[in-house]
Amino acid sequence: MPEEPDDLSDERSLYQEFLAEREEILKHKWIQSEEAGNDIGFEAALVDWTVNHRAEWKKER
């Protein structure tokens, strides 16, 4: 059964949200790595950004 157009639109919207969030995490990783003087890694950046910045970022979107 083909997907309904609204379902496809919802999936695109969810994917766009994922991409935007990933971009923020990568920016955070870069900033934190620069401050640390070495690459902190994606996982550390993800955890730190999620705990300390995600809620505010979601509110502002």
Check: Going through the stretch 20-39 one residue at a time, which ones are loosely packed, with under 13 Cβ neighbours inside 10 Å, of a type outside the set (S, T, N, Q) and more than 15 Å from HIS53 (Cα to Cα)?
Finding: GLU34, GLU35, ALA36, GLY37
Notebook entry, point to check: Which residue out of GLU3, GLU60 is surrounded by 10 or more Cβ atoms within 10 Å (Cβ to Cβ) and at pLDDT below 95?
Noted result: GLU3
Notebook entry, point to check: If you go through the stretch 35-57 one residue at a time, do you hit one that is out of contact with any strand residue (DSSP E or B) (no Cβ under 8 Å at 6 or more places or on another chain) and in contact (Cβ under 8 Å) with a residue 40 or more places away in the chain?
Noted result: no
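The values are calculated or read from the model by the stated rules, or taken from the named source; none is laboratory data. What you see is a predicted model; the values in this text were computed from it and never measured. Heads up, the Cβs are rebuilt from the backbone with ideal geometry, glycines too, and the neighbour counts pull from every protein chain shown.
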